[in-house]
Amino acid sequence: MSKATIVLEVLRYRPEQEQEPTFQIYESEYREDWVVLDAINHIKDHIDGTLSYRWSCRMGVCGSCGMMINGEPKLSCATFLRDYYPDPIRVEPLANFPIERDLVIVMDDFMEKLTSVKPWILREHEKPISEGEYRQTPAELARYKQFSMCINCMLCYSACPVYALDPQFTGPAAIALAHRYNLDSRDQGRSWREQVLSTEEGIWACTYVGTCTVVCPVDVDPAGAIQQAKLSTTTDWFRDVLMPWKGR
Amino acid sequence: MRKSSEPVFWFLFGAGGVIAAFLAPIHIVLTGIVGPAGGLESALEYERVLALVSHPVTKLYLFMLISLPLFHWAHRFRFTVVDLGLRASKRGIAFATYGSAAIGSILSALVLIRL
């Protein structure tokens, strides 16, 4: 009996030999327990070694293997072939990013935006090590834990229609991570981050479409983070205007 | 940066959204469907309604009911138009939409004051 196969239409872009991206059709082996990344690895190993793509952990932890699968941003390691079989599957690099080569995108813009919100604990005065660690109750941990699950896979940027229209937008993951540190009881950097977040390119560019939350593979809910950030910024605004003597 | 006026408009948008979602449907059902169908009997008689809306608390309520959803509309429409491609004239669109909501609010205030 011949082995079952599935057709993958994979976007190819080799800047040294072509001006425009093209699609290449591959017929990969099909197994019921294979994900799209397994098929792409099969192609790379047995059919065409020139295909370029990013991947690492194969288990939805590293966030490297995001791709457009039939037009939807997904982790290729968590997308089963059987959900599409026997139809062909179209595989493209993540939308809204420039293509470096084949399925590899240029992620510089995301990296810049991520660092711009300083997603780490900021302290006005660092406690000396001799005073021990910054302690936190389970309730304080629960406030931000959901937003700390982000794996920086950029699926939310691919899904966001606001980012597609306005690349200046800080974007879902960066705002969600900024919000994660703003909610952290050990952090004191909120008013600093607000200078980046509370701008027209920050939280106010978001029109709450919510596709970021829909595509998020780890249930971070960036749209919810942005809404919460809008609410706390608005509260701050009214407090600053109505009670200017209460400095923060 | 924090003094950006966006929180004010977002607050009006949010408040208007709550009213449009929770209160407006009640008014539509009562005065638009149940009333004309005869379900409210004498409750919608002219003198009774006039006495009701002449009270300052009712006036304030009606002002909120009319004004805040206008700002809700303005905020939505502003972003819809910008997203449809009129990004270059962002300022003008904001001025026109919030301006329309402000004019609508002023007109409704004038009508309510004269009652």
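The values are calculated or read from the model by the stated rules, or taken from the named source; none is laboratory data. It should be emphasised that the depicted structure is a prediction, and the values quoted were computed from it without experimental measurement. Cβ coordinates were reconstructed from backbone atoms using ideal geometry, including for glycine residues, and neighbour counts include every protein chain displayed.
Being within 30 Å of A:Ser191 (Cα to Cα), among the small types (Gly, Ala, Ser) and buried (at least 17 other Cβ atoms within 10 Å of the Cβ) is the requirement here; does B:Ala94 meet it? Can you show your working first?
Values: within 30 Å of A:Ser191 (Cα to Cα): yes; among the small types (Gly, Ala, Ser): yes; buried (at least 17 other Cβ atoms within 10 Å of the Cβ): yes.
It is true that B:Ala94 is within 30 Å of A:Ser191 (Cα to Cα), among the small types (Gly, Ala, Ser) and buried (at least 17 other Cβ atoms within 10 Å of the Cβ).
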> Scanning for something among the acidic types (Asp, Glu) and loosely packed, with under 14 Cβ neighbours inside 10 Å, does the stretch B:75-89 turn up at least one residue?
Replying inline: no
>> Step by step: first the residues of the stretch A:158-211, then only those that are part of a loop (DSSP other than H, G, I, E, B) and β-branched (Val, Ile, Thr), then the one that is farthest from the other protein chains (Cβ to nearest Cβ). Which residue is that?
In response: A:Thr170
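Give the number of residues within the stretch A:216-241 that are within 14 Å of chain B (Cβ to nearest Cβ), in contact (Cβ under 8 Å) with a residue 40 or more places away in the chain and not acidic (Asp, Glu). Show your work before the answer.
Looking only at the stretch A:216-241, we keep the residues that are within 14 Å of chain B (Cβ to nearest Cβ), and these are A:226-241.
In the following step, the residues that additionally are in contact (Cβ under 8 Å) with a residue 40 or more places away in the chain were identified as A:226, A:228-229, A:232, A:236.
From the residues that got through so far, the ones that are not acidic (Asp, Glu) too are A:226, A:228-229, A:232.
Summing the residues that are within 14 Å of chain B (Cβ to nearest Cβ), in contact (Cβ under 8 Å) with a residue 40 or more places away in the chain and not acidic (Asp, Glu) in the stretch A:216-241 gives 4.
If the requirement is being of a type in the set (A, V, I, L, M, F, W, C), touching a strand residue (DSSP E or B) at 6+ places or on another chain (Cβ under 7 Å) and not assigned by TED's automatic domain parsing to the domain that holds A:Arg193, which of these qualifies: A:Ala78, A:Ala159? Step through it out loud before you land on a result.
Details: A:Ala159 fails: not assigned by TED's automatic domain parsing to the domain that holds A:Arg193.
When all the criteria are applied, what remains is A:Ala78.
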> Would you pick out the residues in the stretch B:30-56 that are surrounded by 11 or more Cβ atoms within 10 Å (Cβ to Cβ), closer than 16 Å to B:Leu112 by Cα and in contact (Cβ under 8 Å) with a residue 12 or more places away in the chain?
Replying inline: B:Val53, B:Ser54
